Amino acid sequence: MVTLTKGGAYLLNGTELILDHEEAGSQLAAKTGKTITKEEAAKQTIAYGILKDHNTSGNMEKLKIKFDKLTSHDITFVGIIQTARASGLTKFPIPYVLTNCHNSLCAVGGTINEDDHMFGLSCAKKYGGVYVPPHQAVIHQYAREMMAGGGKMILGSDSHTRYGALGTMAMGEGGPELVKQLLNQTYDINMPGVVGVYMTGTPAKGVGPQDVALAIIGAVFANGYVKNKVMEFVGPGISNLSADFRIGIDVMTTETTCLSSIWRTDDEIKDFYEIHGRSEEYKELNPGDVAYYDGMIVVELDKVKPMIAMPFHPSNTYTIEELNANLTDILADVEKKALVSLDGAVEYSLKDKVRDGKFYVDQGIIAGCAGGGFENICAAADILKGSYIGSDGFTLSVYPASMPIYMELIKNGCAAAILETGAVMKTAFCGPCFGAGDTPANNAFSIRHSTRNFPNREGSKLQNGQIASVALMDARSIAATAANKGLLTPATDFDGPIGKYRYHFDANIYKNRVFDSKGVADPSVEIQFGPNIKDWPAMCELPQNLVLRVVSEIHDPVTTTDELIPSGETSSYRSNPLGLAEFTLSRKDPAYVGLAKDIQKAQKSVMEGKCPLEAKPELKEVMETIQKDFPETGEGNIGFGSTIFAVKPGDGSAREQAASCQKVLGGWANIANEYATKRYRSNLINWGMLPFLIPEGELPFANKDYLFIPGIRRAVEEKQAQITAYTVKDGQLTPFTLTLGELTDEERQIILKGCLINYNRVEE
């Protein structure tokens, strides 16, 4: 089904694989009649060509990328624009689309959500952007339909910014990286590795894109096979996949922790652009005659079976057939893993879902950028025809990813077929993916064709004793399960026809509703604010020396951004930095906010020119211990704040608030064994936080301990490879070593200035 090479691999003429070994060079020479080096072949990937076209540094090892377009949604664009405004923004320099698909439900927090939307509309007018109103399209579907282009690059503030199937290299990053693009700065990375995904065969009837995606994720997540690399999809099997099918696989590449994705393109993709009235954006993309990849994932499409990703991660994968055949063992394993994810805060069992030896689920959802595609919903309609979901507890909701898709489903009868079953059709909305829509009942089990199933994304509040579970599945198997009134059923058990429907795109829907400035800014427009839209609080530069208190200690193998800053009901506060900060780590470590604020009192006193020891008397003993060995440390050269320790923080969402909330509560650093994603580490840096690393197994401090880091500013300035820090305890200083990893010169300056806002600030 899915296999991984142990080393690199060459791809010859786009079809033949030659593994990287001692005889590879002679094999290539015999087949091509010429000698080609690995370095030359690495330049023949599609990814290399696109990155080269967008690199402004002149050095392909140290990239400085300028993107063609930007996209954000309504829980990120307010903060991004506010940050850019503080740095002197006068006009969007490239097309910037502001979609409204996350805070679409204008019912939580009074006027908050609609205030954010009106802020976005007024900014699109003032700065020359595009504004997509609520319920028109989810962010990524609009980008596919109206923004993608062959050989182009798009940067988005949502982690699932992936348009590789359309020939567009897209990346999801935290908001500050978009701010840099708005200020004509660059996205700075080392040349990433490129891993090939070589596809053969044709999927069986009933197997959908989510099945293929989950099979890949299950094979590569835990071993980091593609972490921070580009996944390049090649091979003859691609020709057997529709554009929608490819898109459905591509969007899920985010869950592998890869940096980006790109696919070879053909007439299927050309047809996609023609359907959407943008044929000029198509570009045929193929690797060169001999291309080298740092690894190769071989996917035999004909062997992929309907999959399920059990709670609480997209990589916790099984075939549905395997799960049904081994219910007792697999459910016990899931419950065991849940003890780690849920910290034992609630009792968690799935055994009550088993009746007469069969597994029953409580809810089905087909939605968003992954599930809401045209073909997914048409296939679900065919499987559901003539069936009824029943009048018991099981429910099914379907969210088309855009109004043009919804319109075509109405015209071709698929919407009617779905509604007749007792299911509900809803408008384009990302809520089910992050816990703001169709929240299940306590102890319920939901199957979803969406992107993630982390803890808390479905509305659970462990501190209130509330828990629900999400498993990821393809729309086809969700429909088969719904047709059986909740009995977990793979779509391959369905023996009826699944049709191939022709899609017709109605461009008038957007023409009549979406505001498009065509890139023309109108400086006379006044930005429309709301009472919840707040400016960022003042942040100071990195001091010469730091005293940090450890205010949370997390030993989970991976900590998601949802655990750092919960999704769901908190999204309405994304425009209010201090209001949102109150939720930081609230579902993982409820004591965090109070402890962070407590030590922050000392730093506030420093900024006000007062004595920090008066604000925090406990520091008197700490400072006395420090000054025994570092007598020069004191007034004018020291700062106070907090840090957290986590084994591997930052998996999942691109949301910058996972870092910025820590910052506004006085956070100066994270300490980790490694960072789960590049984007979370970048978020820390852009908010002026030190991304410290410590070797696994070495932890010379505990929660609530004080740490002293002398000369930290000089260490950053002088690019010191190792930094000596001290645990301050029982009147003693105990040394240990921290590192910062590689930092660009610009990143060092951002940290020294205290945050990206300070780095770019235009003084009035």
- Considering only strands (runs of 3 or more DSSP E) wholly within segment 55-158, the ones with at least 1 residues that are more than 21 Å from Arg574 (Cα to Cα) are 62-65, 69-72, 153-156
- Selection over segment 243-287 where residues are within 18 Å of Tyr503 (Cβ to Cβ), in contact (Cβ under 8 Å) with a residue 24 or more places away in the chain and basic (Lys, Arg) yields a count of 2
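Among the helices (runs of 4 or more DSSP H) confined wholly to segment 384-465, which include 1 or more residues that are out of contact with any Leu (no Cβ under 7 Å at 6 or more places or on another chain) and under 26 Å from Pro566 (Cα atoms)?
Details: elements: 403-411, 414-420, 431-434.
The qualifying helices (runs of 4 or more DSSP H) are 431-434.
Matching residues to (1) of a type outside the set (Ser, Thr, Tyr); (2) at pLDDT 95 or above:
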{"residue": "Tyr142", "(1), (2)": "no, yes"}
{"residue": "Gly150", "(1), (2)": "yes, yes"}
{"residue": "Met153", "(1), (2)": "yes, yes"}
{"residue": "Tyr163", "(1), (2)": "no, yes"}
{"residue": "Gly175", "(1), (2)": "yes, no"}
{"residue": "Gln181", "(1), (2)": "yes, yes"}
{"residue": "Met191", "(1), (2)": "yes, yes"}
- Item | Residues of segment 5-56 satisfying the condition of being among the polar types (S, T, N, Q) and either in contact (Cβ under 8 Å) with a residue 60 or more places away in the chain or over 26 Å from Ser261 (Cα atoms) (or both) | Thr5, Asn13, Thr15, Ser26, Gln27, Thr32, Thr35, Gln44, Thr45, Thr56
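On the basis of being within 18 Å of Val550 (Cβ to Cβ), surrounded by 12 or more Cβ atoms within 10 Å (Cβ to Cβ) and either out of contact with any helix residue (DSSP H, G or I) (no Cβ under 8 Å at 6 or more places or on another chain) or assigned by TED's automatic domain parsing to the domain that holds Asp562 (or both), does Lys610 make the cut?
On the way: within 18 Å of Val550 (Cβ to Cβ): no; surrounded by 12 or more Cβ atoms within 10 Å (Cβ to Cβ): yes; either out of contact with any helix residue (DSSP H, G or I) (no Cβ under 8 Å at 6 or more places or on another chain) or assigned by TED's automatic domain parsing to the domain that holds Asp562 (or both): yes.
Answer is no for this residue.
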- Message: Could you check segment 563-592 and list, in sequence order, the residues that are part of a loop (DSSP other than H, G, I, E, B) and among the polar types (S, T, N, Q)?
- Response: Ser567, Ser575, Asn576, Thr584, Ser586
- Item | segment 41-59, residues that are surrounded by 13 or more Cβ atoms within 10 Å (Cβ to Cβ) and closer than 16 Å to Ala291 by Cβ | Ala41, Ala42, Lys43, Gln44, Thr45, Ile46, Ala47, Tyr48, Gly49, Ile50, Leu51
- Item | Positions within segment 530-557 being touching a Ser or Thr at 6+ places or on another chain (Cβ under 9 Å) and assigned to a loop (DSSP other than H, G, I, E, B), in sequence order | Gly530, Pro531, Asn532, Ile533, Lys534, Trp536, Gln544, Asp556
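Okay, residues lined up against (1) more than 20 Å from the chain's Cα centre (by Cα); (2) surrounded by fewer than 24 Cβ atoms within 10 Å (Cβ to Cβ):
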{"position": "Pro176", "(1), (2)": "no, no"}
{"position": "Leu183", "(1), (2)": "yes, yes"}
{"position": "Tyr198", "(1), (2)": "yes, no"}
{"position": "Gly201", "(1), (2)": "yes, yes"}
{"position": "Gly208", "(1), (2)": "yes, no"}
{"position": "Asp211", "(1), (2)": "no, no"}
{"position": "Ile216", "(1), (2)": "no, no"}
{"position": "Val220", "(1), (2)": "no, no"}
{"position": "Gly224", "(1), (2)": "no, yes"}
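Would you tally the residues in segment 1-40 being in a loop (DSSP other than H, G, I, E, B) and in contact with a Pro (Cβ under 8 Å, 6 or more places away or on another chain)?
To start, the set of residues in segment 1-40 that are in a loop (DSSP other than H, G, I, E, B) comprises 1, 5-8, 13-15, 20-23, 33-37.
Those still in the list that are in contact with a Pro (Cβ under 8 Å, 6 or more places away or on another chain) too: 14-15.
Number satisfying all stated conditions: 2.
Could you pull out the residue among Ser642, Ser572, Ser586, Ser605 that is in the same structural domain as Asp705 (by TED's automatic domain parsing), under 25 Å from Leu738 (Cα atoms) and of a type in the set (Ser, Thr, Tyr)?
Numbers: Ser572 fails: under 25 Å from Leu738 (Cα atoms); Ser586 fails: under 25 Å from Leu738 (Cα atoms); Ser605 fails: under 25 Å from Leu738 (Cα atoms).
Only one candidate passes the filter, namely Ser642.
Residues checked against (1) within 18 Å of Leu487 (Cα to Cα); (2) in the same structural domain as Ala9 (by TED's automatic domain parsing); (3) at pLDDT below 90; (4) not small (Gly, Ala, Ser):
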residue: Met296; (1), (2), (3), (4): no, yes, no, yes
residue: Asn324; (1), (2), (3), (4): yes, no, no, yes
residue: Leu342; (1), (2), (3), (4): no, no, yes, yes
residue: Asp362; (1), (2), (3), (4): yes, no, no, yes
residue: Cys378; (1), (2), (3), (4): no, no, no, yes
- Can you tell me which residues in segment 457-466 are over 20 Å from Thr256 (Cα atoms) and either small (Gly, Ala, Ser) or surrounded by 24 or more Cβ atoms within 10 Å (Cβ to Cβ) (or both)? Glu458, Gly459, Ser460, Gly465
- For segment 529-545, pairs from a residue that is at pLDDT below 90 to a residue that is exposed (fewer than 14 other Cβ atoms within 10 Å of the Cβ) and part of a loop (DSSP other than H, G, I, E, B), with Cβ under 8 Å and 6 or more apart or across chains, are Gly530/Thr111; Pro531/Thr111; Asn532/Thr111
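The values are calculated or read from the model by the stated rules, or taken from the named source; none is laboratory data. Keep in mind it's a predicted model, so treat the numbers as computed, not measured. With ideal geometry, Cβ positions are generated from the backbone for all residues, glycine too; neighbour counts draw on all protein chains shown.
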